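Asker: Here it is, the structure, as structure tokens.
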Amino acid sequence: MRNRVAELARLKAEAVKGPSERATEAQRAKGKLTVRERIALLLDEGSFNEVEPLRRHQATGFGLEDKKPFTDGVVTGWGTVHGRQVFVYAHDFRIFGGALGEAHARKIHKIMDMAIAAGAPLVSLNDGAGARIQEGVTALAGYGGIFQRNTRASGVIPQISVMLGPCAGGAAYSPALTDFVFMVRGTAQMFITGPDVVQAVTGEEITHNGLGGADVHAETSGVCHFVYEDEETCLEEVRYLLSLLPSNNRQSPPVRPTSDPADRDGTPLLDLVPVDGNRPYDMRAVIEEIVDDGEHLEVHERWATNVICTLAHLGGRLVGVIANQPMTLAGVLDIHASEKAARFVQMCDAFNIPLVTLLDVPGFLPGVDQEHGGIIRHGAKLLYAYCNATVPRVSVVLRKAYGGAYIVMDSQSIGADLTYAWPTNEIAVMGAEGAAGVIFRKQIAAADDPDAMRARMVKEYKAALMHPYYAAERGLVDDVIDPADTRRTLIRALDMLSAKYAQLPSRKHGNQPQ
């Protein structure tokens, strides 16, 4: 028995060590950590339990029968993050370039099934060269199994993809199916077809990072939610995000003790938001004044910056905040902003995170490109997401709330539980200048002084339909509040709604706009 145990220890040590020192040095030369160093940074110390460390592929041909390393290029298992259970799989680029073969895929399938069954988050640490070409179609079938499980786990357990190296071809679809994508600048890339194929087909020359690097996906494509300079910082932020989220859709997010008083003085808000609706301001400053300790984790910070989607705490409870950003395009909704906010609303609703919406929106962005690009169906995604959400929903109109954008941004008419407004609010079909130009077009055209007539009509329209209490008088907002009381009002509202139960009609699933 002692001899057998010694042999087992030798084999496991070989599996942990990896293929060779040369391969490890090559990994470090690229500025990347090894697979087990990454897992050690992600999980609590000493908590990792590996699954199938001695797995080897059984493929033959093209020299594979002579090269059968342990783990087959992927390390799988479970551990804890801040004491809570988390499942993980991580590609080992030192083995077959992290490429996926049949045994490799089966290990991933197994750990995904375990995560779903246990109701615990799944984190993938991606650093692989795609399908293992030598194994042919069986490798492609392995990806199909991953995608099917990604979809089955969607909205059931949090799924986080961490991009630490290349992710090319069909492999890129798995991160796109997960809830959050993290990338490390300089070393991580994602694309369906690489630069060589792009050049061969289109004649365009581009680098790997220029095609699918972290900055491209964070700013242009919207595929990536978070970008960091190094793996250590990236994995620490993954740990932080996991500490915010519930383990599954049957739980509520953890409540975080806070020393920030619910009735803290909010008078700085009086000076943050200009009364003049044409003057910009930074909505982040408003959010930081309202939430616990001014802390929040912004999602998609660099994409579609005319809307802010962020996770924060109010009175110790996690909330998802959706807010227009007047600093970018005056805070209008466009195609990308609608998509960004819709996905965030869906994620929050799936994991029982209440929604707080801060409105200062002049409408949808006009333009031929927007209309031809499908602003109707993209805007409908946000509308659908809000209407479908059953979590507590509270909205606050800070300033402008015009037209269809007002309705879409969680108005009372689409199911917001409570709607508040500041005394600077202007809720209307459109701005006074535009409305007066339509309603009083003939009078203005016939006047001796059209400019003076227009100014008078604008003033009359504002007095009749755009004063701060017009919506409150008609029950379209629940109260007009002092901005200084916003934090206290929101915390009390969320406390009241904490036991909210809402059930959607029985159906297989909705047919949401695409």
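Asker: Rounded to the nearest 0.05, what FRET efficiency is calculated for residue 467 and residue 114 with R0 set to 56 Å and r the Cβ-Cβ distance?
Answerer: Values: r = 59 Å, r/R0 = 1.06.
My answer for the efficiency is 0.40.
Asker: Then there's this: Whole percent per 10 Å bin, from 0 to the bin with the longest distance: what is P(r) over all C-alpha pairs of the range 181-224?
Answerer: Using 10 Å bins, I get a P(r) of 32, 51, 17, 0 for the range 181-224.
Asker: Please figure out what share of the DSSP beta bridges in the chain is antiparallel and state it in percent, rounded to the nearest 5.
Answerer: Antiparallel bridges: around 40 percent, rounded to the nearest 5.
Asker: Report the Rg/Rh value for the range 114-196, based on alpha-carbon coordinates and the Kirkwood definition of Rh.
Answerer: Working: Rg = 13.1 Å, Rh = 13.3 Å.
On the Cα set of the range 114-196, Rg over Rh gives 0.98.
Asker: Also, I was wondering about something else. In the chain, carbon and sulfur make up what percent of the accessible area (probe 1.4 Å)?
Answerer: 54
Asker: Using +1 on the beta carbon of Lys and Arg, -1 on that of Asp and Glu, and nothing else charged, what's the dipole of the chain about the Cα centre, debye to 20? Write down the numbers at each step before the final one.
Answerer: Details: 52 positive and 62 negative charges, 394 e Å.
Its charge dipole is roughly 1900 debye.
Asker: Please compute the modelled spin-label separation between residue 197 and residue 295, points set 7 Å along Cα→Cβ, answer in nm with one decimal.
Answerer: Rounded to a tenth, the inter-label distance reads 4.3 nm.
Asker: Given only helices, namely DSSP H runs of n ≥ 4 each adding -39500 (n - 2.57), what is the per-residue ellipticity at 222 nm of the chain, to the nearest 500 deg cm²/dmol? Present the calculation step by step, with values, prior to reporting the outcome.
Answerer: Details: 20 runs with 198 residues, N = 514.
About -11500 deg cm²/dmol.
Asker: Roll a 1.4 Å probe over the protein chains and send me the accessible area per residue for the range 261-413 in Å². Let's see the in-between values first.
Answerer: Values: 5160 Å² over 153 residues.
With all protein chains present, the range 261-413 gives 34 Å² per residue.
Asker: When Lys and Arg each count +1 and Asp and Glu each count -1, what net charge do the other residues less than 11 Å away from residue 72, Cβ to Cβ, add up to? Intermediate values should be presented prior to the final figure.
Answerer: Numbers: positive: 55, 56, 67, 68, 106, 107, 132; negative: 52, 92, 102, 135.
Local charge sum for residue 72: +3.
Asker: How much space per residue, in cubic angstrom, does the convex hull of the C-alpha atoms of the range 267-347 take up?
Answerer: Numbers: hull volume 6.9 nm³, N = 81.
It is 85 Å³ per residue.
Asker: Skip the ligands, DNA and RNA, and give the accessible area per residue of the range 1-103 with a 1.4 Å probe, whole Å².
Answerer: Values: 5540 Å² over 103 residues.
Result: 54 Å² of accessible area for each residue.
Asker: Next question. Hey, which of these cross-link pairs are over 20 Å Cα-Cα: 32/340; 340/381; 32/68; 400/500; 17/67; 32/67? Mind dumping the intermediate values first?
Answerer: Details: 32/340 30 Å; 340/381 10 Å; 32/68 24 Å; 400/500 29 Å; 17/67 16 Å; 32/67 24 Å.
Where the Cα-Cα span goes over 20 Å, the pairs concerned are 32/340; 32/68; 400/500; 32/67.
Asker: Now for a separate question. Please work out how much length the chain gains when fully extended from residue 204 to residue 499, using 0.36 nm per residue of separation minus the C-alpha to C-alpha distance, in nm with one decimal.
Answerer: On the way: separation 295, 0.36 × 295 = 106.20 nm, distance 5.58 nm.
Stretched fully, the residue 204-residue 499 segment lengthens by 100.6 nm.
Asker: Here is a further query. Relative contact order, percent, of the range 358-514 when contacts are C-alpha pairs under 8 Å separated by at least 6 residues?
Answerer: Details: 208 pairs, mean separation 43.1, N = 157.
Once normalised by length, the contact order is 27 percent.
Asker: Just the number: Rg to Rh for the range 316-445, Cα atoms, Kirkwood Rh, two decimals.
Answerer: 1.01
Asker: Output the Cα-based Rg and Dmax of the range 215-298 in Å, rounding Rg to one decimal and Dmax to a whole number.
Answerer: Answer for the range 215-298, Rg first and Dmax second: 17.1, 45 Å.
Asker: For a quick protection proxy, order the peptides 144-153, 210-219, 357-366 by their average other-Cβ count within 10 Å, most packed first.
Answerer: Details: 144-153: 16.1, 210-219: 20.2, 357-366: 23.0.
With the highest mean Cβ count within 10 Å placed first, the list reads 357-366, 210-219, 144-153.
Asker: Amide H of residue 363: which non-local residues (sequence gap of 5 or more, or other chain) have their own amide H closer than 5 Å, using H built in the peptide plane?
Answerer: 333, 402
Asker: Report, in whole Å, the centroid distance computed from the Cα atoms of the range 48-117 and the range 27-47.
Answerer: What the calculation gives is 15 Å, centre to centre.
Asker: What fraction, in whole percent, of alpha-carbon pairs in the range 253-406 exceed 24 Å separation? Provide the component values of the computation, followed by the final result.
Answerer: Values: 3642 of 11781 pairs.
Percent of Cα pairs beyond 24 Å in the range 253-406: 31.
Asker: Pick out, in residue order, every one of the GluC sites (Glu not before Pro) in the range 1-79 that is DSSP loop and has at most 10 other C-beta atoms within 10 Å; say none if there are none.
Answerer: Numbers: sites: 7, 14, 21, 25, 37, 45, 50, 65; in loops: 45.
Listed in order of number, the matching sites are 45.
Asker: Next up: For the range 181-261, what is Rg from Cα atoms divided by 2.2 N^0.38 Å, rounded to two decimals? Display every interim value, and only then the final one.
Answerer: On the way: Rg = 17.9 Å, N = 81, 2.2 N^0.38 = 11.7 Å.
Working it through for the range 181-261, the quotient is 1.53.
Asker: Hey, another quick one. Going out from 0 in 5 Å bins, what whole percent of all Cα-Cα distances in the range 422-491 drops into each bin?
Answerer: Percent of pairs per bin, in order: 3, 17, 22, 15, 13, 11, 8, 6, 3, 2, 0.
Asker: Turning to a different aspect of this structure: Stretched out fully, how many nm does the piece from residue 4 to residue 512 gain, at 0.36 nm a residue minus the Cα gap? Spell out each step's value before the answer.
Answerer: Details: separation 508, 0.36 × 508 = 182.88 nm, distance 5.81 nm.
The residue 4-residue 512 span can extend by a further 177.1 nm.
Asker: Take the alpha-carbon positions of the chain, form their convex hull, and give its projected area averaged over all directions (one quarter of the hull surface) in nm².
Answerer: Working: hull surface 119.1 nm².
Its average projected convex-hull area is 29.8 nm².
Asker: Let me check the size of the range 1-105 from its C-alpha atoms; what are the radius of gyration and Dmax in Å?
Answerer: Expressed in Å, the Cα Rg and Dmax of the range 1-105 come to 14.6, 45.
Asker: May I ask for the Kirkwood hydrodynamic radius of the range 355-413, worked out over all distinct Cα pairs and given in angstroms to one decimal? Working shown, then result.
Answerer: On the way: mean 1/r = 0.0822 Å⁻¹.
This gives a value of 12.2 Å.
Asker: Taking the solvent-accessible surface of protein heavy atoms with a 1.4 Å probe, what is the per residue accessible area of the range 433-483 in Å²? Intermediate values should be presented prior to the final figure.
Answerer: Working: 3320 Å² over 51 residues.
It amounts to 65 Å² per residue over the range 433-483.
The values are calculated or read from the model by the stated rules, or taken from the named source; none is laboratory data. Because the structure is a prediction, the values reported are computed rather than measured. Neighbour counts run over all protein chains shown; Cβ positions are idealised from the backbone, glycine included. Surface areas here come from the heavy atoms of the whole protein model, side chains and all, with no ligands, DNA or RNA. Shrake-Rupley method; radii C 1.70, N 1.55, O 1.52, S 1.80 Å.
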